[in-house]
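Here the structure comes first, spelled out in C-alpha cells, and everything after it is commentary.
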Amino acid sequence: MRRGEGGTRLRETLALAYWPAAVGEMAAAASQPELVRDGILFVRTRSSTWSHELSLHKEHILAHLNARLGRPLLRDIRFRARGLPAPLAPSPNPYALPPEEELAAVPLAEEDRRAIGAAMAGLGARADERLRRALERRVTYERRVRRWRLEHGWAPCGACGAPHPDDGPRCPICRLEVRG
C-alpha cells in the first residue's frame with residue numbers, strides 16, 4: 001500500500017455511510033451500498049427497475065458523494081439488481097427491565113430480605129417515615145430486579161457480585177478496572 005493510500009481508502013468507504021443522504025429515503029430503502037473498490041461504488045438494488053432509476057441519477061449522486069467526501073474519490077457507481085437481504089431483527093437490549101407486573105411477582109429470598117433490612121438499619125432512627133418508605137420501596141425494587149436477572153440467565157460478577165449478562169466471570173465495570 002502506498003503512503004496515504006490507506007487514508008484515501010478509508011475516506012472512500014465513508015460513501016457507504018453517506019449513501020442515504022445522497023439518494024433520499026425512498027431510494028435508500030430500495031438499495032444498499034456494498035463496497036468501494038478503486039473509486040467504484042458497488043450498490044445492490046431491490047430490482048432492475050431501481051438499478052435503472054438510480055443510474056439515471058448517477059452523475060448527481062456521484063457529485064453529492066464526492067462533495068461529502070471532500071474530494072473526487074469516486075469515479076463511478078455500479079448498480080446490481082440482486083435484491084436486498086432481509087433486515088436483521090433488532091437484538092433485544094439485555095439491560096431492559098421486565099414489565100412491572102412480572103417484577104412484582106418475583107419472590108424475594110432470605111438474602112434479599114437481609115439486604116433490605118440492612119439498608120433500612122443504615123438510615124438510623126432519626127429518618128422520617130416518608131424517607132423510610134421511599135428507601136424501602138427502592139431497595140425492594142432493586143432486589144427484585146437482581147433476583148429476576150439471576151433467574152433469567154445473568155451471572156453474578158466474581159469480583160463485585162452484581163449480576164451481568166456477559167459470558168465472562170466479571171461484569172463490564174470490573175473488567176474496566178486496571179489492576180496494578
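The values are calculated or read from the model by the stated rules, or taken from the named source; none is laboratory data. The structure presented is a predicted model; accordingly, all values stated were derived computationally and were not measured. Here the Cβ positions follow ideal geometry from the backbone for every residue, glycine too, while neighbour counts run over all protein chains shown. Remember, those area values only see protein heavy atoms, side chains included, never the ligands or the DNA or RNA. Shrake-Rupley method; radii C 1.70, N 1.55, O 1.52, S 1.80 Å.
Annotations
- The chain: angle of helix 110-121 to the longest principal axis, Cα-based, in degrees nearest 10: 80 degrees
- Rolling a 1.4 angstrom probe over the protein heavy atoms with all chains in place gives the chain an accessible area of 68 Å² per residue.
- Alpha-carbon centroid distance for the pair the range 142-180 / the range 107-123, whole angstrom: 19 Å
- Among the chymotrypsin sites (Phe, Trp or Tyr not before Pro) within the range 36-143, those in coil by DSSP and having at most 10 neighbouring Cβ atoms inside 10 Å are Tyr95.
- Structure-derived semi-axes √(5λ) of the Cα gyration tensor in Å - corresponding label in [x] 25, 17, 15; [y] 56, 18, 13; [z] 56, 21, 16: [z]
- For Val36, the solvent-accessible surface computed with a 1.4 Å probe is close to 30 Å², ligands and nucleic acids excluded.
- Ordered from highest to lowest accessible area with the whole protein assembly present and a 1.4 Å probe, Leu97, Leu84, Leu103 read as Leu97, Leu84, Leu103.
- Bridge type composition, the chain - antiparallel percent by DSSP, nearest 5: 55 percent
- Placed amide H near Arg44: partners under 5 Å, 5+ positions off or other chain: Gln32, Glu34, Arg80
- These residues, Asp112, Asp167, go from largest to smallest accessible area, 1.4 Å probe, as Asp167, Asp112.
- The long axis of helix 58-69 is offset from the longest Cα principal axis of the chain by roughly 50 degrees.
- Karplus-derived HN-Hα couplings along the range 134-141 (A = 6.51, B = -1.76, C = 1.60, θ = phi - 60°), whole Hz, x at Gly and Pro: 5, 5, 5, 4, 5, 5, 4, 4
- Each residue of the range 22-36 was assigned a 3J(HN,Hα) from its phi angle through the Karplus expression (A = 6.51, B = -1.76, C = 1.60, θ = phi - 60°), giving 6, 10, x, 4, 5, 5, 5, 6, 9, 8, 8, x, 9, 6, 10 Hz with x at Gly and Pro.
- The chain - percent of accessible surface contributed by carbon and sulfur, probe 1.4 Å: 55 percent
- Residues in the range 93-104 carry Karplus couplings, in order, of 6, x, 9, 5, 8, x, x, 3, 5, 5, 5, 5 Hz; the curve used is 6.51 cos²θ - 1.76 cosθ + 1.60 with θ = phi - 60°, and Gly or Pro positions show x.
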